[in-house]
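Shown next, in structure tokens, is the structure this report addresses.
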Amino acid sequence: MSLQNFLNSLDELVSEARATLGSVETNDALEALRVKFVGAKNGALKSVQKLLGAVEVPDKPAAGKRFNEVRDAIQSLLDDATARIGGGAVVKSESLPDATLPGLRPRLGQLHPITQTIEHLKEIMGRLGFTATEGPEIEDTWHNFVALNIPEDHPARDPLDNFYLATAKAANSSPQDRDAMLLRSQTSTVQIRVMESQPLPLRIISLGRVYRPDAPDATHFPMFHQMEGLWVDRNVTMAQLKSVLRLFATSYLGGDVNVRFRPSFFPFTEPSVEVDYWWNGQWIEFGGAGMVDPNVFQHLNIDSEKWSGFAFGLGVERLCMRRYGITDIRDLYRSDVRFLRQFAQ
Ligand code: PHE
């Protein structure tokens, strides 16, 4: 094929494209023209391209150059027509999702059920006039034992029942030494810390982690949380302890809650009791409590003739588990999002 014939075909094509694409009015018509001119299978441009093979070799560069110009010109005519009609790219309707369907909601994180419980407990106790404070999880034996009237030979200090730390400070010390450090086994340490540092009267709670080397099972875990409470004032009585714990339980567990005190023993309270709540038809133990032992006040130079106080320590996991019907404490610490998602706020 001669160069001239080839160029003529290209000219015809471009003028036809100009005429039709310049006046096209609907998306459907535009789509038909797109197929006609640049369709991948039988488009006019494709057919002309095939003729290129028949052009004489010396003419090929000129033919190819012109072909490219025409291809670009047709593409820009298509683009102009598309922009003029305003339909944008022609999208097949079935590929559009139903725009009225609700979107996919991104999953947001949420607070762990124990964190939620802690916030809730703080809020209830706040209404009863208790201020929340915190203490360290790594403690010395003074705060965990000595000041709490737990003597050196007391079984509670046994290395088998505590996580003593191999700190540099404690490296050469035995559990009986004042320098020994451990992960606190109870939040009662915070009673000592606030009485050391804050003026009386005091009405505080402290919520946090405690550690004991228990083998994990449905009701034990080597780390759990306690809510410690301490009220020191003139003439604080056991009757007040009882009503605070009842008011708390009614607020948190709701409904038909009653409180029962069973005589017990803690070195740092006298008298001491175990606290049971009557809930859903049975007595359930939630923690310990009692009147602050005068020996504890003495360690802190507080005059026990002038001041009296009560203290309590409740298990946070127990409270959380009762409220939500959780039967295995380990579920709280498995980090299984299928479990945790149930506690969306
Ligand atoms: N600290 C005690 C425990 O862990 C609980 C307790 C706290 C008892 C305060 C009396 C007063 O078992």
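Laboratory data are not the source of any read-out in this text; all were calculated from the coordinates shown. Predicted model only: the values in this text are computed from it and were never measured. Cβ sites come from the backbone with ideal geometry, for glycine too, and all protein chains shown count toward neighbours.
Okay, here's what the table says:
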quantity: Restricting segment 255-345 to trypsin sites (Lys or Arg not before Pro) in coil, as DSSP defines it, with at most 11 other Cβ within 10 Å; calculated: Lys306, Arg334
quantity: Label point distance in nm, Arg262-Thr131, each placed 7 Å from Cα along Cα→Cβ; calculated: 3.6 nm
quantity: Quotient of Cα Rg and 2.2 N^0.38 Å for segment 3-95, N being how many residues it contains; calculated: 1.19
quantity: Charge context of Val296, other residues only, Cβ under 13 angstrom, K/R +1, D/E -1; calculated: -3
quantity: Neighbour net charge for Thr20 - beta-carbon separation under 14 angstrom, K R +1, D E -1; calculated: -2
quantity: Gaussian network model of the chain, springs between alpha carbon atoms under 10 Å - residue of Ser76, Ser304, Ser335 with greatest fluctuation; calculated: Ser76
quantity: For a label point 7 Å along the Cα-to-beta-carbon line of Ile85, residues of segment 39-57 with backbone N under 19 Å; calculated: 39-45
quantity: Contact order normalised by residue count of the chain, Cα under 8 Å, 6+ apart, percent; calculated: 14 percent
quantity: Principal-axis tilt of helix 27-38 within the chain, Cα atoms, nearest 10 degrees; calculated: 60 degrees
quantity: Rough spin-label spacing in nm, given labels placed 7 Å along Cα→Cβ, for Gln198 and Arg330; calculated: 3.8 nm
quantity: Degrees, to the nearest 10: 188-197 long Cα axis against longest axis of the chain; calculated: 80 degrees
quantity: Cβ-placed point charges (K, R +1; D, E -1), dipole of the chain about Cα centre in debye, nearest 20; calculated: 940 debye
